[in-house]
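Since the structure comes first, as structure tokens, the remarks are kept for the end.
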Amino acid sequence: MSEVIESVGQLLGLAERGLHDARVEWIDEDETVALVAKTLKRLPALLGEDITGDIATAFDSVLAIPIGDILAKAWNTRRDLIEYLDPKKHLPADLGEVVLEKPKVERKLKPKIEILVDQQHLADIDFELTVELNFEAVVLQIRNAKIIGVRTGSCEGKGTLTLGKAILAAPKTRKFKLPGNLSFGEGIPIRDLTLGA
């Protein structure tokens with residue numbers, strides 16, 4: 001049975017390890033991180049406390065990004081969904097379902113940790129997250145010209161998390177499942193890019 005993946009951290013294999021295991025590998029690899037590390041060595045004396053745990057917690061929030069958030073805007077600009085923008089064809093209260101066979105999702109995100117000391121900006125730690133997902137099939141649920149959810153089957157995927165030149169995680173492609181139905185709350189509006197929307 002395939003493993004169920006819910007977050008970026010699980011996809012990257014860092015969900016249980018977090019910053020504490022990755023830190024040794026990258027702390028001197030990036031100028032921003034080197035500056036922050038140097039400053040952090042002075043901060044406990046200045047602040048009377050160690051804030052490296054706060055940075056580790058912020059890093060954990062990067063790892064906690066739900067895979068559903070990665071998917072949320074992956075399909076809302078597809079041409080075959082434009083017909084759902086017409087309320088005469090699809091009443092706002094109606095639920096439509098669109099099956100996509102073998103869809104591929106490639107997303108690049110740039111999460112960051114902002115370091116503030118006494119409400120003053122010290123630095124940003126900028127990550128780059130790349131995710132590639134290949135599905136057997138997905139079913140998009142559409143209501144009122146919005147994608148409100150998706151049902152997925154098995155998936156094959158990988159991700160890479162970098163910080164400057166340092167690669168924090170880049171596990172091999174593997175097969176897994178997502179947690180059943182994913183809901184997008186109020187929904188992701190379908191966009192017709194031909195209109196510049």
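The set of residues in the stretch 61-108 being at pLDDT 90 or above and within 28 Å of Gly159 (Cα to Cα) consists of Leu81, Val98, Val99, Leu100, Glu101, Lys102, Pro103, Lys104, Val105, Glu106, Arg107, Lys108. Considering every residue within the stretch 85-99, establish whether at least one is surrounded by 15 or more Cβ atoms within 10 Å (Cβ to Cβ), farther than 17 Å from Ser183 by Cα and touching a Gly at 6+ places or on another chain (Cβ under 6 Å). Taking every residue of the stretch 85-99 in turn, at least one turns out to be surrounded by 15 or more Cβ atoms within 10 Å (Cβ to Cβ), farther than 17 Å from Ser183 by Cα and touching a Gly at 6+ places or on another chain (Cβ under 6 Å). Can you find a residue that is surrounded by fewer than 16 Cβ atoms within 10 Å (Cβ to Cβ) and in a loop (DSSP other than H, G, I, E, B) anywhere in the stretch 130-140? Checked against the condition, which is being surrounded by fewer than 16 Cβ atoms within 10 Å (Cβ to Cβ) and in a loop (DSSP other than H, G, I, E, B), the stretch 130-140 yields at least one hit.
Would you check if Ala58 is modelled with pLDDT under 90 and in contact with a Lys or Arg (Cβ under 7 Å, 6 or more places away or on another chain)? No.
Scoring His90 on the criteria (1) assigned to a loop (DSSP other than H, G, I, E, B); (2) in contact with a Leu (Cβ under 6 Å, 6 or more places away or on another chain); (3) of a type outside the set (Asp, Glu) leaves a single failure, condition (2).
Do we have Lys110 as surrounded by 14 or more Cβ atoms within 10 Å (Cβ to Cβ) and either of a type outside the set (A, V, I, L, M, F, W, C) or in contact (Cβ under 8 Å) with a residue 60 or more places away in the chain (or both) here? Taking the combined requirement at face value, the residue does not satisfy it. Within the stretch 101-129, the set of residues being closer than 14 Å to Ala74 by Cβ, out of contact with any Leu (no Cβ under 6 Å at 6 or more places or on another chain) and part of a strand (DSSP E or B) comprises Lys104, Glu106, Arg107, Lys108. Mind checking which residues of the stretch 56-100 are over 25 Å from Leu161 (Cβ atoms) and touching a Ser or Thr at 6+ places or on another chain (Cβ under 9 Å)? Passing the criteria: Arg79, Ile82. Got at least one residue in the stretch 174-196 being of a type in the set (Ser, Thr, Tyr), under 30 Å from Thr57 (Cα atoms), out of contact with any Leu (no Cβ under 8 Å at 6 or more places or on another chain) and part of a loop (DSSP other than H, G, I, E, B)? No, every residue in the stretch 174-196 fails to be of a type in the set (Ser, Thr, Tyr), under 30 Å from Thr57 (Cα atoms), out of contact with any Leu (no Cβ under 8 Å at 6 or more places or on another chain) and part of a loop (DSSP other than H, G, I, E, B). Considering each of Gly164, Gly180, Gly185, Gly153 in turn, give the residue that is more than 16 Å from the chain's Cα centre (by Cα), under 13 Å from Asp69 (Cα atoms) and of a type in the set (Gly, Ala, Ser). Of the residues listed, the single one that is more than 16 Å from the chain's Cα centre (by Cα), under 13 Å from Asp69 (Cα atoms) and of a type in the set (Gly, Ala, Ser) is Gly185. Can you name the residue in the stretch 113-129 that is surrounded by 14 or more Cβ atoms within 10 Å (Cβ to Cβ) and farther than 30 Å from Lys172 by Cβ and is also farthest from the chain's Cα centre (by Cα) among such residues? Out of the qualifying residues, it is Val117.
The values are calculated or read from the model by the stated rules, or taken from the named source; none is laboratory data. Note that the structure is predicted; figures quoted are calculated from it, not measured. No Cβ is skipped: glycine too gets one built from the backbone with ideal geometry, and neighbour counts run over all protein chains shown.
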